[in-house]
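The structure appears right after this line, and notes come after that.
The values are calculated or read from the model by the stated rules, or taken from the named source; none is laboratory data. Worth saying up front: this structure is predicted, and the values here are computed from it rather than measured. Glycine gets a Cβ as well: all are built from the backbone with ideal geometry, and neighbour counts include every protein chain shown.
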Amino acid sequence: MKKLFKWNYNEFIIATFGLFLYCLSIKFFIVPNNLYNGGIMGLSQILRTIILQITNLDLNVDIATIIYYLINVPLFVVAYKKMGRNFFNRTIYCVTISTIFLFLIPDISKPLTDNLLTNILIGGCLCGFGSGLSFSVGASTGGTDIIGLLLTKKHKRITVGSFCLSFNVVIYSASALVGGIETMIYSVLYSVFDSMVLDSMHDRNICSINIIFSKNNPKVIIDYIKNELDRDATYWEGTGGYDNTKTYITYAVLSKYEKSRLEHYIKENKLDTFVVSQNRVGVLGNFEKKL
């Protein structure tokens, strides 16, 4: 497992649990309310509805799951060529396990709660949280996640959640034709909750300002930022207002994920520093988003 996916056991459990929550939200909160999921799954559901309407077939199996896997096959090729073998292996695992979960989790004919908005809120949060867990260990649920990650890499102002939301506009416009305006409206609300939770968990999307105060020369910290995080840092000398001693001030803009790595490095090496951070800052210019 470690050799194939480059995962430790904790990451393997996190990814699998996230996929389970993702599938649970679809089976328990979306399908029983006759709503449409976002992304490739939503596209698969629309294709399923059209096929059944044209053929008048009465199937015991939800063919949307099969269509979902088939659409992901060409995206696997893109993941392998553009994202690397580790991401490719992890994504195949996630999509395959998602397909299995969707088959194994039983269908329910009646929603868990009578309040539709409650179903939408819980389902959207579960779906975004599950997808976010998969992202946190370097994988995805496939589909638009793969395309969203590629666009995030190339365009600084695009996030995975914002791309998925834009893609879903097309999906839900089609759902209005298939299921009606009301179905579209509630499906869009579900997608908004999903995207908000996903972006809040995908910490590589979040930029942070980090100001590090140290009495010692900051070369060790700057070398770590440059060599391990592949970022740059600026530092200057100051004077402490309390004891008038020389103080080094290091300034670096990092993603939230990189910031957590830097904090771990400082604690692990017991560096005598004082760190001030601020998340969710806007950054213009040459700041590359890393996956």
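Arg90 fails exactly one of the following numbered conditions: (1) buried (at least 19 other Cβ atoms within 10 Å of the Cβ); (2) over 17 Å from the mean Cα position of the chain (by Cα); (3) part of a helix (DSSP H, G or I). What is the number of that condition?
Condition (2) is where Arg90 drops out.
Could you grab me the full set of residues in region 107-121 that are assigned to a helix (DSSP H, G or I) and closer than 15 Å to Ser187 by Cβ?
Leu116, Leu117, Asn119, Ile120, Leu121, listed by residue number.
In this structure, does Leu70 turn out to be assigned by TED's automatic domain parsing to the domain that holds Ser44, free of Cβ contacts under 8 Å to residues at least 12 places away in the same chain and outside any helix (DSSP H, G or I)?
no
Is it true that Asn37 is buried (at least 19 other Cβ atoms within 10 Å of the Cβ), closer than 25 Å to Ser173 by Cα, under 20 Å from the mean Cα position of the chain (by Cα) and assigned by TED's automatic domain parsing to the domain that holds Ser175?
yes
Please note which strands (runs of 3 or more DSSP E) are completely contained in region 198-280 and include at least 2 residues that are closer than 24 Å to Ser136 by Cα.
Here the list reads 207-214, 246-255, 273-279.
How many of the residues making up region 40-64 are more than 22 Å from the chain's Cα centre (by Cα) and part of a helix (DSSP H, G or I)?
Selection size over region 40-64: 12.
State whether one or more residues within region 78-85 are surrounded by 17 or more Cβ atoms within 10 Å (Cβ to Cβ), under 19 Å from the mean Cα position of the chain (by Cα) and of a type outside the set (Gly, Ala, Ser).
yes
Which of (1) of a type in the set (Lys, Arg); (2) within 30 Å of Tyr22 (Cβ to Cβ); (3) in a loop (DSSP other than H, G, I, E, B); (4) modelled with pLDDT of 80 or more is the odd one out, the single condition Lys290 does not satisfy?
Unmet for Lys290, out of (1) of a type in the set (Lys, Arg); (2) within 30 Å of Tyr22 (Cβ to Cβ); (3) in a loop (DSSP other than H, G, I, E, B); (4) modelled with pLDDT of 80 or more: (4).
Listed residues Ile51, Ile100; which is among the β-branched types (Val, Ile, Thr) and without any contact (Cβ under 8 Å) to a residue 12 or more places away in the chain?
Ile100
Given (1) in a helix (DSSP H, G or I); (2) modelled with pLDDT of 85 or more; (3) more than 24 Å from the chain's Cα centre (by Cα), identify the lone condition not met by Val178.
(2)
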